Amino acid sequence: MRKFIHIYKGVTALFLVMALFSGCRTAVKVSSVHDLSSPKRPVKERSQTLVANDSARLRPGLVINVNVLVAGKTEITATAKRISDQGTIAMPLLGTVQVRDQSLENFSTQLTSAYKEFFVNPQVIVEFVRDDNKEGLSPWGNVTVLGRVKKPGRISLPATRDLTLSGAIQQAGGYDTSAKENAIRVTRKRPDGNVKTWEIDLRSVGAEGLIENDILLEPDDVVFIPELIF
């Protein structure tokens, strides 16, 4: 009888140990997921910056596509329409339409109203077309990268307006020999006409994880990578 009681106590203790071990594993898993999901940089900060830089407007030289849909069927397609020097484009059924300085949303609303004379509940989709010419205009503006890079010149901002300093340098071919990575200058002209210049240590982004140094660039920024003097 005593032997049976000892066996029972041993089995009970074994189950308790297994339960505690299982609980610990569960706790570790939950903690790991929480740590991995914690962003190092707030997403809200970036989104606010993008809204502030949202300045894409229709202007001469840019290229757009226009599609008019009715009940899900395409009725009109105007592909690769380049805006004239007068700020106009020619649209089917409408003739010459003034588009200068309008946003895509405003122009789409204007076309929707105009095409209601010809269609029932038209849906108008207007989108920018990236110019294949490297020196062509970007709807969202350009930045200039100079100094010790392999391909100095203008870099077009993407539609998301999230071009970082490191991204612009990469598109300029990367650093050239003797580039001074810890003293990069970014010059920006303010709306009031004043000019502000930052000196940025981009090496600290990789070496110390200071991602805030990899700033978002704005239209017409000038980036200069100086030469390292030995």
Looking only at residues in region 180-195 that are outside any loop (DSSP other than H, G, I, E, B) and in contact with a helix residue (DSSP H, G or I) (Cβ under 9 Å, 6 or more places away or on another chain), which one is farthest from Leu210 (Cα to Cα)? Val186
Select from region 150-164 the residues that are touching a strand residue (DSSP E or B) at 6+ places or on another chain (Cβ under 8 Å), loosely packed, with under 14 Cβ neighbours inside 10 Å and more than 14 Å from Phe224 (Cα to Cα) and list them in ascending order. Ala159
Do we have Ala80 as in the same structural domain as Val124 (by TED's automatic domain parsing), under 13 Å from Glu127 (Cα atoms) and modelled with pLDDT under 90 here? yes
Here are the criteria: (1) surrounded by 11 or more Cβ atoms within 10 Å (Cβ to Cβ); (2) modelled with pLDDT of 50 or more; (3) part of a helix (DSSP H, G or I); (4) out of contact with any strand residue (DSSP E or B) (no Cβ under 7 Å at 6 or more places or on another chain). Tell me which single one Phe118 does not satisfy. (3)
Output the residue which, of all residues in region 207-220 that are of a type in the set (D, E, K, R), touching a residue at least 24 places away in the same chain (Cβ under 8 Å) and more than 15 Å from Asn142 (Cβ to Cβ), is surrounded by the most Cβ atoms within 10 Å (Cβ to Cβ). Asp214
In region 63-87, what residues are within 26 Å of Gly141 (Cα to Cα) and in contact with a strand residue (DSSP E or B) (Cβ under 7 Å, 6 or more places away or on another chain)? Val63, Ile64, Asn65, Val66, Asn67, Ala78, Thr79, Ala80, Lys81, Arg82, Ile83, Gly87
Restricting the first residue to region 144-170 and requiring it to be under 18 Å from Arg203 (Cα atoms) and in contact (Cβ under 8 Å) with a residue 24 or more places away in the chain, which pairs with a second residue that is among the β-branched types (Val, Ile, Thr) and not in a strand (DSSP E or B) meet a Cβ separation below 7 Å and a spacing of at least six or different chains? Val145/Ile169; Val149/Ile169; Thr164/Ile215; Leu165/Ile215; Ser166/Val205
Run Leu93 past the list (1) surrounded by fewer than 18 Cβ atoms within 10 Å (Cβ to Cβ); (2) in contact with a Leu (Cβ under 8 Å, 6 or more places away or on another chain); (3) not in a strand (DSSP E or B) and report the number of the one that doesn't hold. (2)
Near pairs, Cβ below 6 angstrom, 6+ apart or cross-chain, from region 80-95 (under 11 Å from Arg59 (Cα atoms)) to any residue that is of a type in the set (Ser, Thr, Tyr): Thr88/Thr96
Residue under evaluation Ser204, criteria (1) surrounded by fewer than 17 Cβ atoms within 10 Å (Cβ to Cβ); (2) in a loop (DSSP other than H, G, I, E, B), criterion not met: (2)
Conditions (1) within 29 Å of Arg57 (Cβ to Cβ); (2) at pLDDT below 90: number failed by Gly167: (2)
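The values are calculated or read from the model by the stated rules, or taken from the named source; none is laboratory data. Just so it is clear, the model here is predicted, and its values are computed rather than measured. Using ideal geometry, Cβ is built from the backbone for each residue, glycine included, and neighbour counts are taken over all protein chains shown.
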